[in-house]
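The values are calculated or read from the model by the stated rules, or taken from the named source; none is laboratory data. Treat the numbers as computed from the prediction; the structure is a model and nothing was measured. Cβ placement follows ideal geometry from the backbone for every residue including glycine, while neighbour counts extend to all protein chains displayed. Heavy atoms of the whole protein, side chains included, go into the accessibility calculation; ligands, DNA and RNA do not. Shrake-Rupley method; radii C 1.70, N 1.55, O 1.52, S 1.80 Å.
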Amino acid sequence: MDSLTQIALGAAVTLATMGRRTAAWKAVFWGAVAGTLPDLDAFIDHGDAMLNMVLHRSSSHALLNLTLLSGPLAWLVARLHGEMPHMLRWWLALWLALVTHPLLDAMTVYGTQLLYPFTNHPYGVGSVFIIDPLYTVPLIIGVVAALVARGRDGRRGLRWNAWALVFSTAYLGCGVLAQQHVEGIARASLQSEGITAERVLVTPAPFSAVLWRVVAMTPTHYLEGFRSLADGSQQPMRWTRHERGADLFATYQGNAHVQRLSRFTHGFYRMNEAGGHVYITDLRMGMEPAYSFHFDIGTPQQVLAGTAKARQELQRPDLETALPWLWRRMWALDDGPLRPPPGTEPKTPAPMATPAG
């Protein structure tokens, strides 16, 4: 999740745990610090763009490592404020602030290595977008209400904060239920069209839990479709079909970059060749034709030899086209795919889309 959300969650959790045992501002400050700490690994440069991607949310997001950190951090905070009698409560509060960070991250699709160093498996439920105001804003309101409350209103402020945590947690649960609902519709649609998918991914479209994006992988293609919770029960899903570059994978599957992204994305990737270079793209984050993690892994000779570093090329969508389309599609006012205006295609274009079937 975005940094503001993690700060708000850390502050809200610590505030709820400490209650009136300490000043609200202390709980909020140290909760915000603890909520931010795991993401400091983003400043580490591993010397390669793809390594920077797959090693983010690894050791700094491991539940074991954060548990080990929580004790010294709690001792430091309690000592600093002269609140050693409440040291155990600080320990619980800051441990919760630390571990809820990766647990919330794991609700996104990116991939969080919760059980590192026992396994580097990237866990990702994919039921919430990385920025979701409906999750974040209530947490901010609850924290602010507790900070501004005075005297007898202090308990009321803490209740606001507690209810904000309840609401935000329930919202995450609703997102999982909506995701499962859309996946059922998507699988039924694929089956009705005679498409056998190896795997299906359902994630929310940007800033919303109403509109959902679906990616289905076949041995040679991937299909993209959208489903809004506002769509009628009889409205069929529409799919666009794209080459996934299976022949390129067969040729370059021994390359470390290809193996790394294939594992990290759980198979939701594509490969293509353009301008004498080979590209591999994470299909989980973004939408046709623009993706956040699109890598140039070198010339064919370099890929075979494994000598080139991966270079990220961010594919930026045309917001003037994408945002109005997202709004219309969210409320079932448009059931067609997003079509970028002429001349706005990414620098390294994806394979052309064709109707599924």
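How many of the residues in region 212-236 are open to solvent by 60 Å² or more (accessible area, probe 1.4 Å) and touching a residue at least 12 places away in the same chain (Cβ under 8 Å)?
Residues of region 212-236 that are open to solvent by 60 Å² or more (accessible area, probe 1.4 Å), as a first pass: 219-220, 229, 233-234, 236.
Keeping just the survivors that are touching a residue at least 12 places away in the same chain (Cβ under 8 Å) gives 219-220, 229, 236.
Going through region 212-236 one residue at a time, the tally reaches 4.
In the set Ala164, Ala170, Ala93, Ala74, which member is exposed (fewer than 15 other Cβ atoms within 10 Å of the Cβ) and of a type outside the set (D, E, K, R)? Write out each step before concluding.
Numbers: Ala164 fails: exposed (fewer than 15 other Cβ atoms within 10 Å of the Cβ); Ala93 fails: exposed (fewer than 15 other Cβ atoms within 10 Å of the Cβ); Ala74 fails: exposed (fewer than 15 other Cβ atoms within 10 Å of the Cβ).
When all the criteria are applied, what remains is Ala170.
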> Just for region 190-206: of the residues that are outside any strand (DSSP E or B) and under 20 Å from Trp331 (Cβ atoms), which one is most open to solvent (accessible area, probe 1.4 Å)?
Replying inline: Pro206
>> Given (1) under 20 Å from the mean Cα position of the chain (by Cα); (2) at pLDDT below 95; (3) of a type in the set (A, V, I, L, M); (4) surrounded by fewer than 18 Cβ atoms within 10 Å (Cβ to Cβ), identify the lone condition not met by Ala209.
In response: (4)
> Across region 51-79, what is the number of residues that are closer than 15 Å to Thr100 by Cα and among the charged types (D, E, K, R)?
Replying inline: 1
> Does Leu172 satisfy the condition of being part of a helix (DSSP H, G or I), within 27 Å of Ser59 (Cβ to Cβ) and aliphatic (A, V, I, L, M)?
Replying inline: yes
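Please determine, by comparing only the residues of region 138-161 that are open to solvent by less than 70 Å² (accessible area, probe 1.4 Å) and of a type in the set (A, V, I, L, M, F, W, C), which one is farthest from Ala11 (Cα to Cα).
In this case the residue turns out to be Ala149.
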> In this structure, does Gln301 turn out to be without any contact (Cβ under 8 Å) to a residue 24 or more places away in the chain and either farther than 30 Å from Leu211 by Cβ or not in a helix (DSSP H, G or I) (or both)?
Replying inline: yes
> For region 21-39, which residues satisfy the criterion of being over 15 Å from Leu92 (Cα atoms) and either of a type in the set (Asp, Glu) or in a loop (DSSP other than H, G, I, E, B) (or both)?
Replying inline: Ala23, Asp39
> If you check every pair at least six apart or on different chains, which have Cβ atoms under 7 Å apart with a residue in region 174-201 that is within 22 Å of Arg244 (Cβ to Cβ) first and a residue that is open to solvent by less than 20 Å² (accessible area, probe 1.4 Å) and hydroxyl-bearing (Ser, Thr, Tyr) second?
Replying inline: Ile195/Thr218; Thr196/Thr218; Ala197/Thr218; Glu198/Thr218
> Where residues in region 99-132 are in contact with a Pro (Cβ under 8 Å, 6 or more places away or on another chain) and aromatic (Phe, Trp, Tyr), which of them is surrounded by the most Cβ atoms within 10 Å (Cβ to Cβ)?
Replying inline: Phe129
> Do you know which of the residues in region 237-261 that are among the basic types (Lys, Arg) and within 25 Å of Leu338 (Cα to Cα) is most open to solvent (accessible area, probe 1.4 Å)?
Replying inline: Arg238
>> Conditions first: (1) within 20 Å of Ile130 (Cβ to Cβ); (2) open to solvent by less than 50 Å² (accessible area, probe 1.4 Å); (3) touching a Gly at 6+ places or on another chain (Cβ under 6 Å). Ile7 passes all but one, so which condition is the exception?
In response: (2)
> On the given criteria, is Pro317 without any contact (Cβ under 8 Å) to a residue 12 or more places away in the chain and open to solvent by 40 Å² or more (accessible area, probe 1.4 Å)?
Replying inline: no
